[in-house]
Structure formats: C-alpha cells, structure tokens
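Below: the structure, in structure tokens.
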Amino acid sequence: MRTQVVIVGAGPSGLLLGALLAKAGVDAIILERQSEEYVLGRIRAGVLEQVTVDLLDEVGVGARMHREGMVHGGFDLLFAGQRHRIDLQTLTGGKSVMVYGQTEVTRDLMDDRKAKGLTTLYEADNVQIHQFDSANPYVTFERLGKPHRIDCDAIAGCDGFHGVCRASVPKSAIQEHEKVYPFGWLGILADVPPVAHELIYANTERGFALCSMRSATRSRYYVQVPLTDRVEQWSDERFWEELRLHLDPQARETLVTGPSIEKSIAPLRSFVVEPMRFGRLFLAGDAAHIVPPTGAKGLNLAATDVKYLSQALIEFFVDKSEVGIDHYSQRCLRRVWRAERFSWWFTSLMHQFPDMGSFGQKVQEAELDYLVYSEAASRSLAENYVGLPLNFGE
Ligand code: APR
Ligand code: PHB
C-alpha cells in the first residue's frame, strides 16, 4: 500500500487532520489501535474555542455542533462562598465558547470520513514507524492476524500521550518538559439538568470543583481528589455530598442529583516535547503535549496543531515547498506554551495544594478577588479562555 500521509491515531487530532488533508486533495490513511466503539467511549472535556468551531465548519462537519452545542458567553468563578460571572462576550468584544463534548466532535468527524469513503483502519495492532529520518518513511502493522506495510511521504503522530510515535524518536533528539500535580479530578456524568446555565469553576478550602454539562439534560461534574483515591471509594452519594460542599447556597439548592452513567479519576499533568518534527515525522495533539483540564485547552490545542500541520503538508505536497514543514514545530510550540502557561496558571489558582496552608488559600482568594474586580485582569482571563487567534503574534 502507498499513501501520501499515514496518520497514526483516530482521536480528534488524527480525524481532523484527515479531514483537512482530504479537503485539499492530499491522500491519507488513518491507523487506529482501538475499535471505533472504544474511541467513542472515551469521555473528555467539552469546551470548544471559536478557532476550533471554525475548523470544524471549514471541513464541513459543524452542522450538528451548531444544532446541539450550547454557546456560552460567560462562566462563573466561585470562591469565598460567592459566585462571580466572567462575561466573556463583553470582555473579548463579542467572543464566546461552544459547549459540545469531545466525543461528539469525534463522532461527527468519523461519520464524515465514512460518508466520504476515506480509509480508517481500526484495530491496527503493533503499529511501527520506520525510516522517518529519510524521504521514504513507512509504517508496518498487523490487522486481522495479517502483517501490512504502508509506504508514504510523511507520518503524522496523532496517537496521544501513550502512543508509539513519540516513543520511536531517539531520546537524544527530544526534550521533555513535565509537571505532575499532586491531585486528580474525579468526574461523573449524569442525566440530570445542569446546576446552572453556564459553567462554574469553584475554589474552596476542600479543593476545586467544576460544574459543566453536555446538554440541557446531561451534566458533567468534577471534584479534586488525592491521587491515592480509587474510584471504588466514591459512591454516587458520596460524590454528590462532596460536590454540594463546594457550592454556594443557591447552587446547593438547585443541584439535581441522580445515578452516574460514568465515573472516573484522571490525574493532572503538564507536559511538552520539543521539537514536534523529526524529519518526516510530525507530532500533533496529546502525542506532543498535555495540559491539565482546567480551562479545557487540550482539544483546542490539538485542533490548532493539526491546522498548522495541514497547512504545512499542503504546502509540501501541492506547492512543493518545505518552508511550512520547516516552521511547523516552532509555530506550534509558541501556541502550545501559551496554552500550557494559561492551563498551569488556572490550575494553580483553583486547586488546594498539599503545602499551601491558610496563607496559600488566602492568597488564592485575593488573586480571584482581583481577577473579578479588575477589568484588566478579567480581560486577560477571558482572552485566554476563549482562545487566542490562530495567528496571534505572527
Ligand atoms: N497505534 C495506533 N493508534 C494508537 C496507538 C498506536 N500505537 N497509540 C494510541 N493510539 C490511538 C489511541 O487509541 C487514540 O484513539 O491514538 C488516539 C489518540 O487520541 P487522543 O488520546 O484523543 O489524542 P488527540 O487526538 O491528540 O486528542 C487531543 O484533547 O481534550 C484533549 O486529551 C484530550 O484526547 C484529547 C486531546
Ligand atoms: C468538561 O465539560 O468536561 C470540562 C469543561 C471545562 C473544563 C474541563 C472539562 O475546563
């Protein structure tokens, strides 16, 4: 088999890259280790920046998102027992975010690929990438018990944090930057109406909590937990009680509880590798970087990586120019570090850290107080939350 680009991974990065390349007439095959159902079973964040919404529209998969997604013009910060609204629209000159689950984005991209007859090979085992430091890379894998080989011009490593692509780069050629946080998020999904129309990010002496949603009848809630906690220790009743203790009196009263349909604990991590290009191998999305979920930048960053990568690859294949691929890593990393900085800052501001004591708590509350009463500070938060423009600073 031969194609122009082998994309490893059918998460949002790989699927969106596939759609952008197909639109430009560049051939690509996606190889995915898991089954389609497994990929669709993952539950991740659900806040899309305008840039991501525009990209989904650009590839023609935005219709359901515009029908079912919820446009949010603000969110609440809850601290010292009170809620304060960050009015994104007023602070950013009319910008907002789209609340629409990553799972749904993935489904829309998968359906579109199928409708267009584009190749995605699910349950591809033992994917290995070869000779990516040359002009003739190739990829091998097994599927349905048979070995396969695909020759190509470029490989896109869209295979997430635990993927094979980053792991195939010699250690001496790659630099890792990592920060692991001493807590996780316990999240539940439940078919109950959301506690409020918009998201609530809560800072309390018990730790962080987040009230989010997937629709008018489905809610997504999180509370901060120690890394040593196991999900089995958290009955639904215990979760709801804990969440309630993080809320203000009005939200406590409005909160509707019910059986969870998903419950899991996710650790928080900041992670970046540099560079993101190695010859004809290009990393994108979680394969190259992880942000903690506070602020929901993960999917948005993956989307802008693949936008930059598609531009670079289209220049390479259509215009026969290497300028784009030569600048890919530098261009991406600038945006990545801005989002890393924001996600780290918002995480640090909102969570309880083991050594912070009452002094640390008071300083967080003072910063939050400054944030909601200083227009300059709120604007900075809002500008980052809705997402910086694609060509910011270029
Ligand atoms: N071979 C083939 N596929 C692989 C391999 C492998 N060796 N290893 C991993 N994969 C697949 C995974 O099964 C997964 O479907 O790569 C895909 C990677 O998808 P994600 O982890 O979702 O990463 P990405 O597409 O970069 O999405 C960006 O945004 O909200 C954040 O972290 C969140 O997933 C999210 C991310
Ligand atoms: C979510 O809905 O899962 C979500 C929303 C906002 C975040 C993180 C997660 O910052």
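A short reminder: the numbers here are calculations on the coordinates, not readings from a lab. All figures in this text were calculated on a predicted structure; none of them were measured in a lab. A quick note on method: Cβ atoms are made from the backbone with ideal geometry, for glycine too, and the neighbour counts reach across all protein chains shown.
Taking each residue as 0.36 nm, the span from residue 144 to residue 318 lengthens on full extension beyond its C-alpha to C-alpha distance by 59.2 nm. With the simple model of a label 7 Å out from the Cα in the direction of the Cβ, residue 355 to residue 180 spans 1.7 nm.
Put simply, the Cα atoms of segment 39-102 extend 42, 31, 17 Å along their principal axes, the longest span coming first.
Counting neighbouring Cβ atoms within 10 Å and putting the fewest first, the residues 327, 177, 289, 72 line up as 177, 327, 72, 289. Estimated from the Cβ-Cβ distance and a Förster radius of 30 angstrom, the FRET efficiency linking residue 128 and residue 64 is about 0.25. DSSP finds beta bridges in the chain, and of those with both partners inside it, around 75 percent are antiparallel. Available extension along the chain between residue 369 and residue 228 is 47.6 nm, counting 0.36 nm per residue and deducting the alpha carbon span.
Straight-line reach from residue 263: taking Cα to Cα under 16 Å and skipping same-chain neighbours fewer than 8 places apart, the aspartates and glutamates in range are 191, 229, 232, 236, 237, 241, 242. Label sites at residue 89 and residue 327, each approximated as a point 7 angstrom past Cα along Cα to Cβ, lie 3.6 nm apart. Packing, as the average of other Cβ atoms within 10 Å across residues, places the peptides 28-37, 232-241 in the order 28-37, 232-241, highest first. Distance from the C-alpha centroid of segment 47-126 to that of segment 182-260: 21 Å, rounded to the whole angstrom. At R0 = 25 Å, how high is the FRET efficiency between residue 269 and residue 27 if r is their beta carbon distance? Nearest 0.05 is fine. Efficiency for this residue pair is about 0.10.
Extension gain, residue 238-residue 35: 0.36 nm per intervening residue step, less the Cα-Cα distance, totals 69.7 nm. Ordered by the number of other Cβ atoms lying within 10 Å of each residue's own Cβ, fewest first, 23, 95, 146 fall into the sequence 146, 23, 95.
As a calculated quantity, the FRET efficiency between residue 245 and residue 42 at R0 = 30 Å, using C-beta atoms, amounts to about 0.55.
Excluding same-chain neighbours fewer than eight residues apart, the lysines reachable from residue 114 by a Cα-Cα span under 26 Å are 23, 146, 307. Ordered by the count of other Cβ atoms within 10 Å of each Cβ, fewest first, 229, 355 give 355, 229. Annotation for residue 2 and residue 173: the two label points, set 7 Å from Cα along the Cα-Cβ direction, are 2.4 nm apart. Within the same chain, lysines fewer than 8 places from residue 95 are excluded, and of the rest, those with a Cα less than 19 Å from its Cα are 297.
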